[in-house]
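Heads up, the thing below is written out as structure tokens.
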Amino acid sequence: MMRGRRRLAAATLVAVGAVTFAATGVTGTAQARTTAPAGTVTTSTVLSSSTVPSALPAFPALPARAAVPGRAAYPPFTAPGKTLKLGAKGSAVKALQSRLKELGYMPGSADGRYGGTTLTAVWAFQKVQGIKPTSTIAARTWRALENPRAPRVLVPRGKPARVEVDLTKQVMVLYRGGAPVMISHISSGSGIPYTEYATWNGRRQRFSGSARTPTGDYKTTWRVKGWHRSYLGQLYNPIFFNGGIALHGALSVPLYPASHGCVRLPMNVAEVLPGMLGKGVPVHVRGAFRR
């Protein structure tokens, strides 16, 4: 238990990108298999279909959309108006965290401490609102929290339970009952071709790929509980949806695409996502990041 807490605490390093683990999900000459590769070195457990939830558990859906396009009928909120910076503490931070959670973002506990976990939720919110991501909470972000815009729907006729990955905004949205219930900051494939060497299946091998997260329509398949070591790095609670490409936690989720092709998530999001996302759920990947 203590070990798990230490790993989650390490997620605060996301704010400065101090620790980086390579994410997998290859689209080049060494693609990962759709089942766990033989000889995988892992401290995790592959979940069987019997342990994967067949349907999403009960989770409070956000209110339905209001008459104004792009706006949702969220509960009212009065912003404290105080400028907050990373490391801030107090009631204004607690109000920020509570509001983000109410809107479906994942700031962690409403403990009144503005750390790395809250920061990644702030980034996700700002990106959805069309605000350039920053760690500073000032007038524009407070106004958006008072009158928030719902995430742009990428698949209007999509199933009520689905995942949408917006590569343009670098945001993931989990829908349940047709409403967004989780909105998270992500870091997808860098798009920079790579060649790396790693010892795999008892011998040193060469792995090359495009580091691209392909767009398209997929479904969640196999998953692993805990840390999983692939030939390109460490993945936390990976949920695979396109061959070797997965949604997974990472200790570094920067404000730009940085993975080998997977969709990196903040650690606190990856901790709870497996309990909310069943097997065979549609995953729609759209857009392209502009540097």
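Tell me yes or no: at least one residue of segment 269-279 is surrounded by 24 or more Cβ atoms within 10 Å (Cβ to Cβ) and over 15 Å from the mean Cα position of the chain (by Cα). Checking segment 269-279: not a single residue is surrounded by 24 or more Cβ atoms within 10 Å (Cβ to Cβ) and over 15 Å from the mean Cα position of the chain (by Cα).
Take the conditions crowded, with 23+ Cβ neighbours inside 10 Å and on the phi < 0 side of the Ramachandran plot and apply them to Ser252. Does it pass? Break it down into steps so the answer makes sense when it comes.
On the way: crowded, with 23+ Cβ neighbours inside 10 Å: no; on the phi < 0 side of the Ramachandran plot: yes.
No.
Sort out which residues of segment 127-138 are in a helix (DSSP H, G or I) and crowded, with 20+ Cβ neighbours inside 10 Å, and write them in order of number. Full working, then the answer.
Residues of segment 127-138 in a helix (DSSP H, G or I): 127-129.
Passing the criteria: Lys127, Val128.
Of all residues in segment 139-166, those satisfying the criterion of being over 30 Å from Lys94 (Cβ atoms), of a type in the set (A, V, I, L, M) and surrounded by fewer than 23 Cβ atoms within 10 Å (Cβ to Cβ) are Val153, Leu154, Val155, Ala161. Out of all the residues in segment 117-148, which are charged (D, E, K, R) and either in the same structural domain as Met276 (by TED's automatic domain parsing) or over 19 Å from the mean Cα position of the chain (by Cα) (or both)? Of everything in segment 117-148, those that are charged (D, E, K, R) and either in the same structural domain as Met276 (by TED's automatic domain parsing) or over 19 Å from the mean Cα position of the chain (by Cα) (or both) turn out to be Arg140, Arg143, Glu146.
Selection of first residues in segment 185-210 that are more than 21 Å from Gly249 (Cα to Cα) and β-branched (Val, Ile, Thr) and of second residues that are part of a loop (DSSP other than H, G, I, E, B) and at pLDDT below 80, restricted to Cβ pairs under 9 Å at least 6 apart or on distinct chains, gives the following pairs, ordered by first then second residue: Thr195/Gly28; Thr199/Tyr231. The residues of segment 92-116 that are hydroxyl-bearing (Ser, Thr, Tyr) and either in contact with a Phe, Trp or Tyr (Cβ under 6 Å, 6 or more places away or on another chain) or in the same structural domain as Val171 (by TED's automatic domain parsing) (or both) amount to a single one, Tyr105.
A single entry from Gly191, Gly178, Gly216, Gly202 fulfils the requirement of being surrounded by fewer than 21 Cβ atoms within 10 Å (Cβ to Cβ), outside the structural domain of Glu102 (by TED's automatic domain parsing), small (Gly, Ala, Ser) and closer than 15 Å to Val283 by Cβ: Gly216. Highlighted here are the strands (runs of 3 or more DSSP E) found entirely within segment 172-291 that include at least 2 residues which are under 19 Å from Lys127 (Cα atoms): 179-185, 263-265, 282-286. Pick from segment 235-291 the residues that are of a type in the set (Lys, Arg) and within 29 Å of Thr195 (Cβ to Cβ): which of them is modelled with the lowest pLDDT? The qualifying residue modelled with the lowest pLDDT is Arg291. Only one of the numbered conditions (1) under 19 Å from the mean Cα position of the chain (by Cα); (2) part of a loop (DSSP other than H, G, I, E, B); (3) among the basic types (Lys, Arg) is violated by Lys159, and that is (1).
The values are calculated or read from the model by the stated rules, or taken from the named source; none is laboratory data. In this text the structure is predicted, and so the values were computed from the model without any measurement. So basically every Cβ, Gly included, is an ideal-geometry build from the backbone, and we count neighbours across all protein chains shown.
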